[in-house]
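As structure tokens, the structure follows; a few thoughts come after it.
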Amino acid sequence: MSFMLKTIPVLLIVVALSSCKSEGDDNHKHSISIEYDGVSIEYKLPYGSLIERQSRQQRVWKNVSATKFETISEDIYSPIRIALVDSTVYVLDPADGFVKAFQHGSEELRFIGPGKGPGPGEVSFPFEFAISKNGNFILTDIEKRSLIVWDRYGNPVIDYVLKHVIPANVAPLDEQNVLVMVSGSNITGIELFHIYNIEKNSTRLFSEFLTDADHLPPLVGLDRAFIGKVLSENDRIIYVPKHLNHIIHMSSDGEIELVRQTIDETSYPRIIQTGMNSSASFVSTSLSSDSEIANLDGFLAGENLIIWSRPGLIQYGHHVFDFYSKKNGDYQYSIGIPEIGGVAGLSINENFIATINSDSSVSLW
């Protein structure tokens with residue numbers, strides 16, 4: 001392995017876990033505070049009764065050392081997303097609109113895609129990308145409001161415009177279907193996930209993940225509390241919210257099957273709505289400044305779900321990665337990697353770590 005694991009269990013501070021499923025637990029704790037027109041209401045998470053806490057309530061550490069292999073800075077300008085496929089690093093660079101790639105052992109940089117521009121398949125303000133099993137590149141563009149597909153060589157295949165929502169995070173389900181997380185001012189709470197079919201060039205609602213209770217006002221902007229990472233592998237869909245300490249498993253038909261808390265304790269976010277009128281024709285929505293980030297990112301590697309922990313980073317002063325069972329969300333162990341220093345983004349698999357560094361260079365470890 002590139003970052004050699006030595007199993008040295010170390011018990012650290014006990015992490016108190018609140019609002020978990022247990023005997024005598026109150027499900028009303030699982031709610032998001034929404035403030036509008038000076039009134040505060042509580043939106044109950046519809047999956048609150050499924051939330052289960054971890055049986056282990058303290059981190060167990062494995063000793064890890066990381067070695068830097070390559071760093072590339074030339075022709076990389078402002079990378080915002082990074083992915084690893086085996087030993088190949090891919091970065092999305094919105095400065096010129098290309099996905100750029102290099103392989104372990106080589107500093108040759110490949111440019112993938114047609115680049116930036118207004119034409120079909122070109123990007124304007126790319127936000128996210130993913131790579132499907134057949135090598136296609138799936139990108140979202142928040143300025144064009146489009147879902148873009150390139151083949152493995154970067155040739156445009158599809159440029160599909162979502163008229164009423166903005167595509168954000170994506171996860172290829174198979175060669176034809178892509179799970180798309182959407183956002184935008186028209187989101188009323190239930191349209192969090194769509195499925196896009198490449199062959200049919202159409203989208204459909206995947207899951208009524210959230211629900212609008214009858215006694216609540218229009219929950220425009222509720223999606224802001226549910227920004228996160230969607231991951232898919234072999235019909236398994238795992239959603240890791242950024243502002244909630246949850247691991248959420250969904251079936252292929254959109255049903256929420258399992259919800260586990262992470263080992264971190266965080267408070268639920270607060271949503272602030274302003275400008276609402278009786279017809280809800282204008283609503284400005286934001287997360288309050290005290291809304292914590294729980295999960296910086298999530299990755300699938302072997303039998304594990306790896307979560308990059310924001311509370312762990314704050315508590316220990318270096319990057320903390322918590323390993324959970326991909327199958328049932330059980331916490332396994334944690335690793336800390338101080339060597340990689342300050343980074344703007346990263347990706348991790350069983351053998352390598354790829355980082356977007358603070359100077360916009362990209363490294364493979």
Subject >> SER289 without any contact (Cβ under 8 Å) to a residue 12 or more places away in the chain and small (Gly, Ala, Ser) >> reply: yes
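For the stretch 73-81, does any single residue satisfy the condition of being in a strand (DSSP E or B) and under 30 Å from ILE256 (Cα atoms)? Spell out the reasoning first.
Initially, the stretch 73-81 is screened for residues in a strand (DSSP E or B), giving 81.
Still in the running and under 30 Å from ILE256 (Cα atoms): 81.
There is at least one residue in the stretch 73-81 that is in a strand (DSSP E or B) and under 30 Å from ILE256 (Cα atoms).
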Original post:
If you go through the stretch 310-319 one residue at a time, do you hit one that is crowded, with 22+ Cβ neighbours inside 10 Å, touching a Lys or Arg at 6+ places or on another chain (Cβ under 9 Å) and part of a strand (DSSP E or B)?
Top reply: no
Original post:
Restricting the search to the stretch 170-185, which residues are without any contact (Cβ under 8 Å) to a residue 40 or more places away in the chain and part of a strand (DSSP E or B)?
Top reply: ASN177
Original post:
What single numbered condition from (1) modelled with pLDDT of 95 or more; (2) in a loop (DSSP other than H, G, I, E, B) fails to hold for TYR324?
Top reply: (2)
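Quick check on the stretch 157-169. Is at least one of its residues part of a strand (DSSP E or B), in contact (Cβ under 8 Å) with a residue 24 or more places away in the chain, over 24 Å from LEU296 (Cα atoms) and of a type in the set (Ser, Thr, Tyr)?
Filtering the stretch 157-169 for residues part of a strand (DSSP E or B) gives 157-161, 166-169.
Next, from what is left, pick out any that are in contact (Cβ under 8 Å) with a residue 24 or more places away in the chain: 157-160, 166-169.
Cutting the leftovers down to over 24 Å from LEU296 (Cα atoms) gives us 157-160.
Filter once more, so that each one left must be of a type in the set (Ser, Thr, Tyr): 160.
Yes, the conditions are met somewhere in the stretch 157-169.
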**OP:** Could you tell me whether any residue of the stretch 256-279 is modelled with pLDDT of 95 or more, closer than 29 Å to PHE102 by Cα and within 18 Å of the chain's Cα centre (by Cα)?
**Re:** no
Subject >> The one condition in (1) assigned to a loop (DSSP other than H, G, I, E, B); (2) in contact with a strand residue (DSSP E or B) (Cβ under 6 Å, 6 or more places away or on another chain) that SER267 fails to fulfil >> reply: (2)
**OP:** Scan ILE248, ILE238 and give me the residue that is closer than 18 Å to LYS44 by Cα, at pLDDT 95 or above and not in a loop (DSSP other than H, G, I, E, B).
**Re:** ILE248
Original post:
Within the stretch 87-110, restricting attention to residues that are modelled with pLDDT of 95 or more and loosely packed, with under 15 Cβ neighbours inside 10 Å, which residue is farthest from the chain's Cα centre (by Cα)?
Top reply: ARG110
Original post:
If you go through the stretch 125-145, how many residues are closer than 26 Å to ASN234 by Cα and buried (at least 17 other Cβ atoms within 10 Å of the Cβ)?
Top reply: 11
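Does the stretch 129-137 include one or more residues that are assigned to a strand (DSSP E or B) and touching a Lys or Arg at 6+ places or on another chain (Cβ under 8 Å)?
yes
Name the residue, out of SER73, SER55, that is surrounded by fewer than 18 Cβ atoms within 10 Å (Cβ to Cβ) and more than 25 Å from the chain's Cα centre (by Cα).
Numbers: SER55 fails: more than 25 Å from the chain's Cα centre (by Cα).
Going through SER73, SER55 in turn, the sole match is SER73.
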Original post:
What is the number of the single condition among (1) within 20 Å of LYS133 (Cβ to Cβ); (2) modelled with pLDDT under 85; (3) of a type in the set (D, E, K, R) that GLU191 does not meet?
Top reply: (1)
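Quick check on my filter: what residues within the stretch 12-38 are in a strand (DSSP E or B), closer than 21 Å to GLN273 by Cα and modelled with pLDDT under 80? Give the steps one after another, and end with the answer.
Taking the stretch 12-38 as the starting set, the residues that turn out to be in a strand (DSSP E or B) are 12-14, 21, 31-36.
Filter again for closer than 21 Å to GLN273 by Cα, leaving 31-36.
The answer is TYR36, and nothing else.
Which one is farthest from LEU179 (Cα to Cα), of the residues in the stretch 119-142 that are among the charged types (D, E, K, R) and at pLDDT 95 or above? Steps first, please.
We begin by selecting, within the stretch 119-142, every residue among the charged types (D, E, K, R); these are 122, 128, 133, 141.
Of the ones still in play, those that are also at pLDDT 95 or above are 122, 128, 141.
Working: GLU122: 21, GLU128: 13, ASP141: 15 Å.
Per the criteria, the residue is GLU122.
The values are calculated or read from the model by the stated rules, or taken from the named source; none is laboratory data. Every value quoted in this text rests on a predicted model; they were computed, and no experiment measured them. Positions of Cβ are generated from backbone atoms using ideal geometry, with glycine treated the same way; all protein chains shown enter the neighbour counts.
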